[in-house]
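A.B. asks: I'd like to ask some things about the structure below.
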Amino acid sequence: MKLKTEHFLGLFLFVLSAALYWKTTAFGFQYSWDDGLYVVDNSHIRGFSWSNIVAILTTPVVSNYFPVQILSYLFDYAAGGLNPFWYHLTNILLHAANTVLVYAVINRFNEDRRLAFFVAVLFAVHPINVESVAWVSQRKTLLSAFFALSAILLYLRWRDRGGAVRYGAALVLFTLSVFSKTMTVLLPLVLAYHEWLFRDADKRRLTSLLPFLSVGILAGLTTTLASLKGTALAPSTLNMGLLFGMIYPTMLPVYWKYAGLLLWPDNLSAFYDTPIYQSFLQPVVATSLLALAGILVLIFFKSDRRMRFWCAWTVLTFLPTSNILPIQIFYADRFMYLPQLGFFMCVSLAVLHVHSRLARQRSCSLPRVGVWIGLCLITTVSAGATWKQMDIWRNEITLWEDTAAKSPNLHTPRLNLGVAYEKAGRL
């Protein structure tokens, strides 16, 4: 009976995600924003030849070395050439599969089917994921998450049942993840922290994660070198004066901006205009730092193991894109694709804790049916916002009109909008 229930829930999550995003199959490429370089003008994806595969494995694209992403485009091109339908369809299927994996991973870690199902549904319909799904070039985010979540499940199964094949398969999947996008390089630390929190000292097997950590370090170094050779990471930004005198102070309020976008995803944009701060003593920066430190101290010293673990998940999956190494983009929706799982789990656990305390005190405790009505309302509103947000990504003109209107002081959206108008003959 349990197996049938799990299959039904998985099928529901897959269909929900795919149905919601299906209209993106009619969208075009964002030629002026990476799709031209990754796909349209990339001759290496045009056929399964040995020379193309070697070129993909040895050539960084857009200053990034993510060969698994580029290899995936070979299949799209084989299916339909440069017809955008196939590229968007693959993104949809990957997000749908990731939604099922999110449910499986959270259920495996937390052993709470209802909570895992709610977070998976929210992941499926949350507007912050539109950028990752509707933008063909963000295939790397979807692939990295798919392989990472699969690797986690296989690794945990190996921990319970053993088997060299399971361990080897988990390591291979993790390798595919970090060479799709390096946002998952710290995943071994997530698993190590889980071992530390939930297993007795004599049963911890931290050394089994060393090969995973080695692969993560290799991928991180490879990507960093490719970025330094290109334009994604300028050597001039790697100095203490710039990092502590502009980048880190600017990022502290951004971390709270992410929390706001996850809780209330209004006014999402493809290119955010970020206020620049140049000192930790500026009121907004100092307040952000103190609040962040207070929250982390409260979670890691006063909360239970589950809350600590999911907070660590949020921090460690976000760290590679948090501008610890400056990446010339202060923040973007796509950087929350995996960290949001930990964030939503922390919020959900906090809400359940408060509800439980109110119930014990026999004061204003919501009936269970009221809780479920509230959750259904949240997911319905999120799905509606996602449906509307997708239209922004329909083509280059709709994307850059929206972005230029929301960030009028930035030159990049206006430049790209001008190029899009010119291509459409709207001089």
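The values are calculated or read from the model by the stated rules, or taken from the named source; none is laboratory data. What you are looking at is a predicted structure, and each value in this text was computed from that prediction instead of being measured. Quick reminder, even Gly has a Cβ in these numbers, built from the backbone with ideal geometry, and neighbours come from all protein chains shown. Just the protein is used for accessible areas: all its heavy atoms, side chains included, with ligands, DNA and RNA removed. Shrake-Rupley method; radii C 1.70, N 1.55, O 1.52, S 1.80 Å.
A.B. asks: Out of all the residues in segment 11-46, which are more than 16 Å from N91 (Cα to Cα), more than 20 Å from the chain's Cα centre (by Cα) and touching a residue at least 24 places away in the same chain (Cβ under 8 Å)?
C.D. replies: Y31, S32, L37, V40, N42, H44, I45, R46
A.B. asks: Could you list, in sequence order, the residues of segment 106-140 that are among the β-branched types (V, I, T) and over 15 Å from the mean Cα position of the chain (by Cα)?
C.D. replies: If the condition is that a residue be among the β-branched types (V, I, T) and over 15 Å from the mean Cα position of the chain (by Cα), then I106, V121 are the ones that fit.
A.B. asks: Residues that are over 17 Å from N98 (Cα atoms), in contact with an Asp or Glu (Cβ under 6 Å, 6 or more places away or on another chain), modelled with pLDDT of 95 or more and among the hydrophobic types (A, V, I, L, M, F, W, C): does segment 34-41 have at least one?
C.D. replies: Among the residues of segment 34-41, not one is over 17 Å from N98 (Cα atoms), in contact with an Asp or Glu (Cβ under 6 Å, 6 or more places away or on another chain), modelled with pLDDT of 95 or more and among the hydrophobic types (A, V, I, L, M, F, W, C), which makes the answer no.
A.B. asks: Another question about this same structure. Does any residue of segment 323-334 turn out to be in a helix (DSSP H, G or I), modelled with pLDDT of 95 or more, under 25 Å from T223 (Cα atoms) and not polar (S, T, N, Q)?
C.D. replies: Initial filter on segment 323-334 (in a helix (DSSP H, G or I)): 333-334.
Keeping just the survivors that are modelled with pLDDT of 95 or more gives 333-334.
Applying the additional criterion that residues be under 25 Å from T223 (Cα atoms) yields 333-334.
If we keep only those that are not polar (S, T, N, Q) as well, we get 333-334.
Yes: segment 323-334 contains one or more residues that are in a helix (DSSP H, G or I), modelled with pLDDT of 95 or more, under 25 Å from T223 (Cα atoms) and not polar (S, T, N, Q).
A.B. asks: Looking at (1) open to solvent by 30 Å² or more (accessible area, probe 1.4 Å); (2) hydrophobic (A, V, I, L, M, F, W, C); (3) farther than 20 Å from H194 by Cβ, which is the only condition A332 fails?
C.D. replies: (1)
A.B. asks: Also, I was wondering about something else. Looking at segment 364-387, which of its residues are open to solvent by 90 Å² or more (accessible area, probe 1.4 Å) and either at pLDDT 95 or above or among the aliphatic types (A, V, I, L, M) (or both)?
C.D. replies: Within segment 364-387, L366, V369, I373, L377, V381, W387 qualify.
A.B. asks: Let me ask you something else. From W256, W313, which residue is in a helix (DSSP H, G or I) and touching a Gly at 6+ places or on another chain (Cβ under 8 Å)?
C.D. replies: Checking each option against the conditions leaves just W313.
A.B. asks: So, in segment 264-317, of the ones that are within 27 Å of P127 (Cα to Cα) and hydroxyl-bearing (S, T, Y), which residue ends up surrounded by the most Cβ atoms within 10 Å (Cβ to Cβ)?
C.D. replies: Looking at the filtered set, the residue picked out is T317.
A.B. asks: Now for a different question. List every residue pair whose Cβ atoms lie under 6 Å apart, where the two residues are 6 or more positions apart in sequence or sit on different chains, the first residue falls within segment 52-64 and is under 21 Å from G36 (Cβ atoms), and the second residue, located anywhere, is in a loop (DSSP other than H, G, I, E, B).
C.D. replies: Partner pairs satisfying both residue conditions: S63/G230; S63/T231; S63/A232.
A.B. asks: While we're here: So, in segment 389-399, of the ones that are in contact (Cβ under 8 Å) with a residue 40 or more places away in the chain and of a type outside the set (S, T, N, Q), which residue ends up most open to solvent (accessible area, probe 1.4 Å)? Outline the logic, then answer.
C.D. replies: Filtering segment 389-399 for residues in contact (Cβ under 8 Å) with a residue 40 or more places away in the chain gives 389-390, 392-396, 399.
Subsequent filtering for residues that are of a type outside the set (S, T, N, Q) retains 390, 392-394, 396, 399.
Details: M390: 0, I392: 28, W393: 6, R394: 89, E396: 19, L399: 1 Å².
That would be R394.
A.B. asks: In segment 59-77, what residues are hydroxyl-bearing (S, T, Y), modelled with pLDDT under 95 and either touching a Phe, Trp or Tyr at 6+ places or on another chain (Cβ under 6 Å) or within 15 Å of F179 (Cβ to Cβ) (or both)?
C.D. replies: Of the residues in segment 59-77, the ones hydroxyl-bearing (S, T, Y) are 59, 63, 65, 72-73, 77.
Subsequent filtering for residues that are modelled with pLDDT under 95 retains 59, 63, 65.
Residues satisfying the conditions are T59, Y65.
A.B. asks: Under 29 Å from I397 (Cα atoms), touching a strand residue (DSSP E or B) at 6+ places or on another chain (Cβ under 8 Å) and part of a helix (DSSP H, G or I), is that true of Y38?
C.D. replies: Yes.
A.B. asks: Give the residue, chosen from N83, N91, N110, N98, that is among the polar types (S, T, N, Q) and without any contact (Cβ under 8 Å) to a residue 12 or more places away in the chain.
C.D. replies: N83
A.B. asks: Determine whether segment 47-58 contains at least one residue that is buried (at least 20 other Cβ atoms within 10 Å of the Cβ) and farther than 18 Å from L176 by Cβ.
C.D. replies: No, every residue in segment 47-58 fails to be buried (at least 20 other Cβ atoms within 10 Å of the Cβ) and farther than 18 Å from L176 by Cβ.
A.B. asks: Please state which of the following conditions V105 fails to meet, knowing it meets all the rest: (1) on the phi < 0 side of the Ramachandran plot; (2) surrounded by fewer than 20 Cβ atoms within 10 Å (Cβ to Cβ).
C.D. replies: (2)
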